[in-house]
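Below: one structure, written as structure tokens.
The values are calculated or read from the model by the stated rules, or taken from the named source; none is laboratory data. These figures come from a predicted structure and were not determined experimentally. Positions of Cβ are generated from backbone atoms using ideal geometry, with glycine treated the same way; all protein chains shown enter the neighbour counts. Each accessible area value is taken on the protein alone, full model and side chains, heavy atoms only, with ligands, DNA and RNA left out. Shrake-Rupley method; radii C 1.70, N 1.55, O 1.52, S 1.80 Å.
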Amino acid sequence: MRILGIDPGSRLTGYGLIEGRGQRLRHVDNGVIVTSSRSVLPDRLKLIHDGIAELIDRYHPDVVAIENIFLARNAQSALKLGHARASAMLAALNAGLEVHEYTALQVKSAVVGYGKAEKHQVQQMVRTLLGLPEVAQEDAADALAVAICHLHSAPLTDKLKTAVRTGRR
């Protein structure tokens, strides 16, 4: 399974692509889509959308996993973050991909084993799990962590979907 993980932001949107078979992980790519704070919000959202769409076209992921909003410094920040998430999600949905959302607590628990882990702990664990030669940039590492979280969560999610569909719980 090839997973595109996204750590959304109106100025920095991290992305990370991994492939996983069972518990085996392989790093494909990671980076950051950077927008200018001088640009108007609609232009920044288009840049995020187009950047995610281009990644999908280039790498053909099977699924997209995105970090869910948990808290923001203020209402304006939360709104901008929500718009950035929506732009990324729309790019995935337009490509016919399923989108799965995970909270920061779920991501940190899946990757580090502790839901209140610090950013540097997440970066180091992502580096270790993927065998990267160096620590990925913070937003890219977070996106890779979201992808890893989905890989570990997908088997359980599939079992729950099957149980609901067949009426067995």
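Calculate, in nm to one decimal, what R21 and N94 gain on full extension: separation in residues at 0.36 nm each, minus their alpha carbon distance. It would help to have the intermediate numbers written out before the result.
Values: separation 73, 0.36 × 73 = 26.28 nm, distance 2.60 nm.
Here the answer is 23.7 nm.
Report in % the part of the accessible area of the chain that belongs to carbon and sulfur, leaving out ligands and nucleic acids; probe 1.4 Å.
Working: 4890 of 9350 Å².
Carbon and sulfur: 52 percent of the exposed surface of the chain.
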If unit charges are put on Cβ atoms (+1 for Lys and Arg, -1 for Asp and Glu) and the dipole of the chain is taken about its Cα centre, the option from N94, A65, G31 lying farthest towards the positive end turns out to be A65
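What net charge is computed for the residues neighbouring K108, neighbours being all others with C-beta under 13 Å from the C-beta of K108, Lys and Arg scored +1, Asp and Glu -1?
Details: positive: K116, K119; negative: D7, E67, E118, D142.
Every neighbour counted, the sum reads -2.
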Neighbourhood net charge (11 Å Cβ-Cβ; Lys/Arg +1, Asp/Glu -1) for S37 = +4
Counting only protein heavy atoms and rolling a 1.4 Å probe, one gets per residue an accessible area for the chain in Å² of 55
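Can you tell me, using C-alpha contacts under 8 Å and at least 6 residues apart, the relative contact order of segment 9-79 as a whole percent?
Working: 54 pairs, mean separation 16.8, N = 71.
Normalised by residue count, the contact order of segment 9-79 is 24 percent.
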Using only Cα atoms, find the angle between the long axis of helix 75-94 and the longest principal axis of the chain, and express it within 0 to 90 degrees, rounded to the nearest 10.
-> 60
Once the Cα atoms of helix 119-130 and of the chain are each reduced to a long axis, what angle between those two axes, in degrees from 0 to 90 to the nearest 10, is obtained?
-> 50
Answer label for Cα Rg over 2.2 N^0.38 Å (calculated), chosen among (1) 0.95; (2) 1.01; (3) 1.05 = (2)
Within segment 60-140, GluC sites (Glu not before Pro) in DSSP loop having at most 11 other beta-carbon neighbours inside 10 Å | E118, E134
Which angle between 0 and 90 degrees, to the nearest 10, do you get for helix 138-166 versus the longest principal axis of the chain when only C-alpha atoms count?
-> 50
Using label points projected 7 Å from each Cα along Cα→Cβ, tell me how many nm separate S39 and V135, to one decimal.
-> 2.8
Given charges of +1 on the Cβ of Lys and Arg and -1 on the Cβ of Asp and Glu, with all other atoms neutral, how large is the dipole of the chain about its Cα centre, in debye to the nearest 20?
-> 540
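According to the square roots a ≥ b ≥ c of the eigenvalues of the Cα gyration tensor, what is the shape class of segment 18-97, taking rounded for a/c under 1.5, prolate for a/b larger than b/c otherwise, and oblate for the remainder?
Working: a/c = 2.14, a/b = 1.63, b/c = 1.31.
Taking the square roots of the gyration eigenvalues as a ≥ b ≥ c, segment 18-97 is prolate.
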Using Cα pairs closer than 8 Å and at least 6 residues apart in sequence, work out the relative contact order for the chain, in percent.
-> 29
Listed residue (I6, V40, G115) projecting farthest to the positive dipole end of the chain, Cβ model = G115
